[in-house]
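The values are calculated or read from the model by the stated rules, or taken from the named source; none is laboratory data. The model shown is predicted, which means the values in this text are computed figures rather than measured ones. Using ideal geometry, Cβ is built from the backbone for each residue, glycine included, and neighbour counts are taken over all protein chains shown.
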Amino acid sequence: MTNASSDANTMRWLDLAAVGALLVALGFALFSPPDVVQGDLTRMMYIHVPTILVAYGAFAVTTVATIGYLITKSLKWDTIAASSAEVGVVFLGLAIATGMIWGKPVWGVWWTWDARLTTTAIMFFIYLGYLGLRRSIPDPVARAQRSAILGIVAVVQIPIVHFSVVWWNALHQAPTILRPGDPQIDSPLLGALLVGLVAFAIVYVWLLVRRVQLANIDAELEARDAASDVPMAGEAVSAPDLTSGGTAS
Amino acid sequence: MSDWGWVTFGYVVVYGGVVAYGASLLWRIKVARRKLKARG
């Protein structure tokens with residue numbers, strides 16, 4: 001079996017694993033018992049908590065890959081950092097959206113300037129800024145170097161967001177799982193939550209691998225464009241050379 | 001809206017969002033591969 005067909009097979013299995021994981025998580029979420037206080041609304045937890053935890057993980061991967069780039073100077077690490085940040089922004093956006101959809105029936109409002117919500121929104125916009133910064137720098141090496149600073153500094157927001165409910169008086173509830181001591185949740189609900197977490201982690205890996213694949217093809221296209229010297233739209237027209245002995249009539 | 005209505009809304013947003021983003025990546029990979037092939 002060639003490397004290319006082996007990679008294609010691996011990708012096919014990863015595609016199936018991602019779809020299967022989402023379906024299994026959906027089954028657990030729909031058939032788990034309702035909560036004694038929140039009733040069926042507690043099912044929002046099985047999508048809200050995994051999406052925010054996967055976003056934390058994605059941003060941690062961005063930082064590790066950025067450090068990898070700074071040590072090795074290999075652009076492969078930078079590609080992983082950028083791809084993970086983009087996938088993380090998608091998951092964080094979904095976590096914010098599900099938080100709003102959960103907040104409306106429980107708190108009576110879509111949004112409030114609570115410590116957790118505010119710090120999460122700041123984290124969302126900072127990582128959007130990271131992606132925007134990358135798009136504004138055409139040179140791959142300069143792009144990697146300049147975005148590395150933000151890629152490392154931005155990660156301090158993860159503990160700030162997570163512990164915001166402990167450090168400040170917040171409307172948002174305190175951590176249920178990632179807290180000192182045992183998780184404060186009944187085991188059938190915890191089971192469904194952990195299944196959701198594993199499923200969204202598998203989906204994250206799938207999205208990351210696909211995003212890296214796309215970035216690599218784009219980089220190859222850019223390299224071929226540069227090598228073939230094809231005039232591009234927006235390129236400046238060069239003035240004719242008048243010093244080479246041409247005669248004007 | 002009922003509790004199940006809110007839950008359905010949330011799941012449609014998350015599952016729809018993940019599927020839409022995943023499908024957009026697959027589509028962009030397909031288009032980029034086609035460009036690469038066309039350039040030899």
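The selection criterion, being assigned to a helix (DSSP H, G or I), modelled with pLDDT of 95 or more and among the basic types (Lys, Arg), holds for residue B:28.
So that you can scan it fast, the table gives a plain yes or no per residue for (1) more than 7 Å from chain A (Cβ to nearest Cβ); (2) free of Cβ contacts under 8 Å to residues at least 24 places away in the same chain; (3) out of contact with any helix residue (DSSP H, G or I) (no Cβ under 8 Å at 6 or more places or on another chain):
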residue	(1), (2), (3)
B:1	yes, yes, no
B:4	no, yes, no
B:8	yes, yes, yes
B:17	no, yes, no
B:23	yes, yes, yes
B:27	yes, yes, yes
B:40	yes, yes, yes
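Residue B:34: at the interface with chain A (Cβ under 9 Å from one of its Cβ atoms) and either surrounded by fewer than 15 Cβ atoms within 10 Å (Cβ to Cβ) or within 14 Å of the chain's Cα centre (by Cα) (or both), yes or no?
Values: at the interface with chain A (Cβ under 9 Å from one of its Cβ atoms): no; either surrounded by fewer than 15 Cβ atoms within 10 Å (Cβ to Cβ) or within 14 Å of the chain's Cα centre (by Cα) (or both): yes.
It is false that residue B:34 is at the interface with chain A (Cβ under 9 Å from one of its Cβ atoms) and either surrounded by fewer than 15 Cβ atoms within 10 Å (Cβ to Cβ) or within 14 Å of the chain's Cα centre (by Cα) (or both).
Among the residues here, residue A:63 does not qualify as surrounded by 13 or more Cβ atoms within 10 Å (Cβ to Cβ) and touching a strand residue (DSSP E or B) at 6+ places or on another chain (Cβ under 6 Å).
Name the one entry in A:93, A:103 that is over 25 Å from residue B:25 (Cβ atoms), within 14 Å of chain B (Cβ to nearest Cβ) and in contact with a Phe, Trp or Tyr (Cβ under 7 Å, 6 or more places away or on another chain). Don't jump to the end; show me each part of the working.
Values: A:93 fails: over 25 Å from residue B:25 (Cβ atoms).
Every option except A:103 fails the conditions.
Every residue, every condition in (1) at pLDDT 95 or above; (2) β-branched (Val, Ile, Thr), yes or no:
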| residue | (1), (2) |
| --- | --- |
| A:33 | no, no |
| A:42 | no, yes |
| A:57 | yes, no |
| A:62 | yes, yes |
| A:80 | yes, yes |
| A:83 | yes, no |
| A:91 | yes, no |
| A:98 | yes, yes |
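Cβ-Cβ distances below 9 Å connect the following pairs, each with a first residue in the stretch A:208-222 that is facing another protein chain (nearest Cβ under 7 Å), a second residue that is not in a helix (DSSP H, G or I), and a separation of six or more residues or different chains: A:221/B:39.
Within the stretch A:32-52, the set of residues being more than 9 Å from every other protein chain (Cβ to nearest Cβ) and without any contact (Cβ under 8 Å) to a residue 60 or more places away in the chain comprises A:36, A:37.
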